[in-house]
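Written below as C-alpha cells is the structure these notes are about.
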Ligand SMILES: [Ca+2]
Ligand SMILES: [Ca+2]
C-alpha cells in the first residue's frame with residue numbers, strides 16, 4: 001500500500017492563534033485514530049506515517065483548523081487600554097497612548113484566558129523581562145513585574161503576586177506588604193505606580209487609565225494598581241511560569257515573553273461568570289491592560305473538537321465499509 005508522509009503544522013505557527021493547543025489536539029487525534037505512539041506534544045519536525053485513505057480524514061481536520069484560525073481573535077483580552085505619561089495627578093490632558101516609554105521593553109500585547117471549572121489560566125504576553133529592568137545603566141531604579149489584579153462584582157478585590165515582594169529592592173517606597181510571596185490574595189489595598197515612582201528622578205510612568213472596575217483603598221485611584229498592599233490575605237495557591245519566546249521581535253503581536261498564571265476559581269468566593277482582569281505590566285505601570293474574561297469555552301476549540309468527532313465518525317464509517325467489502 002502506498003504511504004504518504006504527513007508533516008505536522010509547525011510551519012504555520014504564527015499564522016494561527018492557539019497553534020500549540022491545535023497541534024496538540026491534532027496529534028492526539030492522529031494517535032487515537034492510528035495508534036501511533038506520541039511521546040511529546042512538541043511535535044516540530046515529527047513525522048507520522050499514515051495510509052492514503054486515512055489522510056483524507058486528517059486533511060479535513062487540517063483544513064478545519066485553518067478555517068477556525070481565520071475566525072479566532074489573537075487574544076482573549078486585547079490591549080485597548082490607554083495610559084498617559086505624567087508625574088502628578090493634576091496632569092489630566094493629552095498624550096494618551098498604549099505604552100509609555102520604549103515599547104520593546106514595556107509593551108503588553110494581550111492576555112489569553114482559559115477558564116474551566118477547576119482552573120483559570122491566564123497567559124500574559126509582554127516584552128517586560130523576568131528579572132526586572134534598569135531604565136539606565138548608571139541608575140539604581142529597578143523596575144519589577146507588577147502583580148495581577150482580579151475583579152469580582154465590579155471591584156478589584158483579588159490579585160496574584162507574580163514575583164515575591166521579598167525579592168523587590170526598595171525604590172522610592174517598598175511595597176506596603178513586602179512579605180508577600182507568589183499566591184492568590186484577597187486584597188485589602190493596592191499600591192499604585194505613584195507609590196513607587198512619584199518624585200523619583202525625572203521618570204515618567206503610566207497613569208490615569210480608564211478603569212472599568214473600582215479599586216479597594218488605593219491612594220490615587222487613577223493610577224495603575226501595581227502591588228497587592230497591606231491588609232491582604234492569601235486565599236489560594238497560584239502557579240506562575242515564565243517563558244521566553246525565541247526569535248520574537250517585540251513588535252506588536254510578536255511578544256518576547258509569556259507568563260502563565262494558573263489559579264483555582266473555587267478559591268474566589270462569589271465568583272460568577274465574569275472576571276475583570278487588570279495588569280500594569282511593570283512597577284511603572286507604563287502599559288496598562290484591562291478586560292473581562294468569561295468561562296465560555298473558546299469557539300476554536302469547540303469547532304476543532306466537533307470536527308475531531310466528525311473525523312472519528314468518518315473513520316469508523318470508512319472501516320465499516322472496508323469490512324463490508326471484504
Ligand atoms: Ca495599554
Ligand atoms: Ca500594549
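No lab work stands behind these numbers, since they all come straight from the coordinates. What you see is a predicted model; the values in this text were computed from it and never measured. Here the Cβ positions follow ideal geometry from the backbone for every residue, glycine too, while neighbour counts run over all protein chains shown.
Running Debye on the stretch 77-295 with equal point scatterers at the Cα sites and no solvent, what base-10 log of I(q)/I(0) appears at q = 0.18 Å⁻¹?
Values, matching the q order: -1.37.
For residue 292 and residue 230, compute 0.36 nm times the residue count separating them, minus their Cα-Cα distance, and round to one decimal in nm.
Full-extension gain reported as 19.8 nm.
When a footprinting reagent is the concern and you count Cβ atoms within 10 Å, what order do 207, 290, 78 take, fewest first?
78, 290, 207
Sort 260-268, 147-155 by the packing proxy (mean of other Cβ within 10 Å over each peptide's residues), most packed first.
For the peptides 260-268, 147-155, the packing ranking is 147-155, 260-268.
Based on the Cβ-Cβ distance from residue 204 to residue 28, what FRET efficiency comes out when R0 is 30 Å, to the nearest 0.05?
Given R0 = 30 Å and the Cβ-Cβ separation, E is 0.05.
Can you give the extra length, in nm with one decimal, that the chain gains between residue 245 and residue 116 once fully stretched, where that is 0.36 nm per residue apart less the Cα-Cα distance?
Between residue 245 and residue 116, full extension yields 43.9 nm more.
Only counting other Cβ atoms within 10 Å, I'd like 279, 168, 190 sorted with the fewest neighbours first.
168, 190, 279
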